[in-house]
Amino acid sequence: MKTALKSSVNRLLNAFDVHVTKKTTFYNLLAKEAENDNLRRALTGVGNDRDVQFSPLENFNHLATLGLTKRRQEHLASLGLDLVNRTVLEVGAGIGDHTGFFLDRGCKVLSTEGRPENLTVFRERWLRQFGWYKNIHNLEIAQLDVDHPPANFARTFEVVYCYGVLYHLEHPLTAIDFMARCCTSLLLLETSVSFGWEEKVIHAEEDRANVSQSIHGQGCHPSRPWIFSRLKERFEYVYMPVTQPWHEQFPTDWTSKVETPGQAQRAVFVASRQKLSSPMLVDHLPDTQRRM
Ligand SMILES: C[S@@+](CC[C@H](N)C(=O)[O-])C[C@H]1O[C@@H](n2cnc3c(N)ncnc32)[C@H](O)[C@@H]1O
């Protein structure tokens, strides 16, 4: 084992014309490697891949997640919707990585999340660490389970923001009902979907220990037609963008199923109480979309 490691280290170092000949040098390298590993654990609080899923900070700060968030929000900004100085309800907010998009635009935001450990980190980051942020007084944070929303919740918001949440729900229709009830202008919905032209919802088990998944251990993959029709029943106008974010999980061709093992296929929906006239939106399910 050590010999194999030594020869691969040597192979690497050969490229730089360096050779590990002394046993002590080799053991020093191993010690350095262990030291680096300890440092990594101390700095990140994480020991292995599975820990990453359990820890709110590590999970949501993963480069893959941050990249997905950036691509989705630059796409949202490109749609030219009126998102300035509005009242916003955010659901399934995680640790609040999307919330600044609305706060920076002068919105008053009630940001909600179902999982207590995410809320703890959310409050710590936004209310304590970033308590000096100029628009912090526009932010309220609360626990809300959108699978089982409180029947007596009577507040309404101009914008309801539901990105990355619907497919982690056991009862997607209950959540859509709730969000439609709270929404006086725009519902912005982004979710993983299943391919196909039938209205269907595929239910799937999820790992509830993973802090970015279903809090009840049960998720779903609705088809685009199912989502579009359910929104149409509750909103006067329903649109889809002509563009998709610059991200591999957002297909641009819905005419043939592309196998993406282990990867979600995602889509964005805009439901509205008012008619929207925008070259960025169509009022039907497009066969194809383009990159923004
Ligand atoms: C994939 S993360 C999405 C976070 C963020 N909205 C985003 O798009 O990056 C899903 C979030 O939904 C939360 N969640 C899962 N089930 C929920 C439920 N029934 N009610 C509210 N939040 C829930 C999870 O705890 C997690 O924070």
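Values quoted throughout were computed directly from the atomic coordinates according to the rules given, and no laboratory measurement underlies them. Treat the numbers as computed from the prediction; the structure is a model and nothing was measured. Cβ sites come from the backbone with ideal geometry, for glycine too, and all protein chains shown count toward neighbours.
For the chain, the Cβ-based charge dipole about the Cα centre amounts to some 800 debye (Lys, Arg positive; Asp, Glu negative; other atoms uncharged). Peptides 203-213, 123-133 ranked from most to least packed give 203-213, 123-133, packing being the mean of other C-beta atoms within 10 angstrom over each peptide's residues.
When the alpha carbon gyration tensor of region 187-239 is reduced to an equivalent ellipsoid, its three semi-axes come out at 24, 13, 8 angstrom, largest first. The angle separating the long axis of helix 224-234 from the principal Cα axis of greatest extent in the chain is about 40 degrees. Sorting 167, 161, 27, 237 from the fewest to the most surrounding beta carbons within 10 angstrom yields 27, 237, 167, 161. Each of 99, 120 has some number of other Cβ atoms within 10 Å of its Cβ, and from fewest to most they run 120, 99. Using a 7 Å offset from Cα along Cα-Cβ at residue 242, what residues in region 54-88 end up with backbone N under 17 Å from the label point? Those under the cut-off are 75-81. In the chain, the calculated helix contribution to ellipticity at 222 nm averages -10000 deg cm²/dmol per residue, counting -39,500 (n - 2.57) for every DSSP H run with n ≥ 4. Relative to one another, the C-alpha centroids of region 135-171 and region 191-221 are positioned 18 Å apart.
Seen from all directions on average, region 137-242 presents a Cα convex hull projection of 7.8 nm².
The angle between the Cα long axis of helix 2-14 and the main principal axis of the chain comes to about 80°, on a 0 to 90 degree scale. This ranking places 111, 55 by how few other beta-carbon atoms lie within 10 Å of each, fewest first, which gives 55, 111. Compute the long axis of helix 172-182 from its Cα atoms, compare it with the longest principal axis of the Cα atoms of the chain, and write down the angle in degrees, 0 to 90, nearest 10. Between the helix axis and the principal axis of the chain, the angle is about 60 degrees. Distance from the C-alpha centroid of region 65-93 to that of region 253-292: 16 Å, rounded to the whole angstrom.
Computed from the alpha carbon positions, the gyration tensor of the chain leads to an equivalent ellipsoid with semi-axes of 41, 24, 18 Å, biggest first.
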